[in-house]
Amino acid sequence: MTEFYGSVTARGGELSGDGGLLEVSGKNELVFAGMGDASAANGVAGQLLLDPKNIIIDDNVTGSSFQLFDPNPAAGNSFGARTAVLTNGNIVVSAPADDLVADNDGAVYLFNPDTGALLGTINGVNFGGLFLDIIALGNGNFVFGSMLAKNNGIENAGTVILANGTTGDEINRFSGVNPFDQLDRKSVGVSNLLGM
């Protein structure tokens, strides 16, 4: 078992810059009782990656505990490769190599933070998902995608999706139209996804 009680930071600069990626890993079990700060005052907040075999959310104050179960368990689907806690408390978990729809198509799951219940799923339908990045937005929604995603058979076109942080439904999507466009959240920009 790996236990983490410290603090780790990867903050953006005061004037510009995005927050970084924080990772705390354990072979089978991971206890995370520390602090992670990947904030960005004038950029996109980073991510905290907790990498155990399964994810258990435990609130010692109330004594409640639950486990986030992979809705499509399969060896090698990388459930929990990326996680994000949204401003509304909901939890987003990726499975970049999920193959429910197609081989390694990817999936992103939205869970209730109080019960662990599955609220929504977005699978990599039609574009070879391999979702990697999850960005929590200040309005409770989230952005995710992969620069390696296929779009209608076009290799490495890239796809970025804006999703509803309450229902898990897709709000908007940008996909590359040429081979190796490799769209990602930085090239699309959150303002484009929000229609600004």
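Observations
- Protection proxy ranking of 152-164, 68-80 - average other beta-carbon atoms within 10 Å, highest first: 152-164, 68-80
- Taking each residue as 0.36 nm, the span from residue 8 to residue 74 lengthens on full extension beyond its C-alpha to C-alpha distance by 20.6 nm.
- Peptides ranked, highest mean first, by Cβ atoms within 10 Å: ranges 103-115, 36-48: 103-115, 36-48
We did not get these values from a lab; they are worked out from the coordinates using the rules stated. Being a predicted model, the structure only gives us computed values, none of them experimental. Cβ coordinates were reconstructed from backbone atoms using ideal geometry, including for glycine residues, and neighbour counts include every protein chain displayed.
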